[in-house]
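Engineer: I'd like to ask some things about the structure below.
Here, each number is a calculation from the coordinates, and none is a lab measurement. Only a predicted model underlies this, so the values are computations on that prediction, with no experimental measurement involved. Reconstructed Cβ throughout: ideal geometry from the backbone, glycine too, with neighbour counts over all protein chains shown.
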């Protein structure tokens, strides 16, 4: 009994390090094909990247706006009545602004893209894997990382920070709209939000979004390249991809928050 548990733990630990090493290797390859290869050889980045940017960014604006607006509304609902007891209800504007820009804006936007984009990356590339299209690329001397992963990395690196900034603005607008129920003047609300925000709040949120973009792209593509066993394997790896992305987002968020706190 104990021996089987130890053996199972050993397999799990080995699988963890294999996956971590594979993701790190894929990240290094993707960085090379994204930032170095275009200066050394001809790539398909320009032709492939812009449609991906539209699919990732333009088509995500609606759901990101809805989620961000509701988050701003919920923050005011949950904190406004408490601050009102102490006669500090105007402070809710600064609370919403700082919370959205430092934490909830980038995190909730990344979670939306995990569900919408990360799962689509894994499913799409995983389908290519089980239908031997990726093997066909290698046969034609086309590097799959440069052709498939690098354009996706460029697209999400550009669009996720843009969506995060958009979510921050919409979230604060949602808080401003809900602030009317506490008789807060909209102009005073906007002025308080700007007063409370600092440059480091904006920078930390955008920095998180860049790291989140890397996590989403690398994990989803890595899980796609590992698909085996037909449709069942595709479904399993898509589920594992989404779960792994969500866990890593929380881990990265906590590490960045701790680092910023230590530096400041």
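Engineer: Quote the Stokes-Einstein diffusion coefficient, in whole µm² s⁻¹, for region 1-151, based on the Kirkwood radius over alpha carbon pairs, a temperature of 25 °C and a viscosity of 0.890 mPa s.
Structural biologist: Translational diffusion coefficient: 124 µm²/s.
Engineer: Simple spin-label model, 7 Å along Cα-to-Cβ: residue 258 to residue 19 in nm?
Structural biologist: 2.1
Engineer: How tilted is helix 150-179 with respect to the longest principal axis of the chain? Cα atoms for both, answer in degrees (0 to 90, nearest 10).
Structural biologist: With both axes taken from Cα atoms, the answer is about 20 degrees.
Engineer: Still on this structure: Roughly what angle does helix 230-263 make with the longest principal axis of the chain, taking Cα atoms, 0 to 90 degrees, to the nearest 10?
Structural biologist: Roughly 50 degrees between the two axes.
Engineer: Grab the beta carbon distance between residue 58 and residue 207, set R0 = 22 Å, and tell me the FRET efficiency rounded to 0.05.
Structural biologist: Efficiency computed from Cβ-Cβ geometry: 0.40.
Engineer: Give the calculated FRET efficiency between residue 228 and residue 85 to the nearest 0.05, with a Förster radius of 51 Å applied to their Cβ-Cβ distance.
Structural biologist: 0.30
Engineer: Quote to one decimal, in nm, the extra length available between residue 39 and residue 185 on full extension: 0.36 nm per residue of separation minus the C-alpha distance between them.
Structural biologist: Contour length minus the Cα-Cα distance gives 47.2 nm.
Engineer: Starting with the highest mean, order 172-185, 79-92 by the number of other Cβ atoms within 10 Å, averaged over the residues of each peptide.
Structural biologist: My ranking of the peptides, most packed first, is 172-185, 79-92.
Engineer: To the nearest µm²/s, what D does Stokes-Einstein give for the chain at 10 °C and 1.306 mPa s, using the Kirkwood radius over alpha carbon pairs as Rh?
Structural biologist: 78
Engineer: Just to confirm the number: angle between the C-alpha axis of helix 119-130 and the first principal axis of the chain, 0 to 90 degrees, nearest 10?
Structural biologist: Helix 119-130 sits roughly 0 degrees off the main axis of the chain.
Engineer: Quick one: length gained pulling residue 31 to residue 239 fully straight, 0.36 nm per residue minus the C-alpha distance?
Structural biologist: Full extension from residue 31 to residue 239 adds 72.3 nm.
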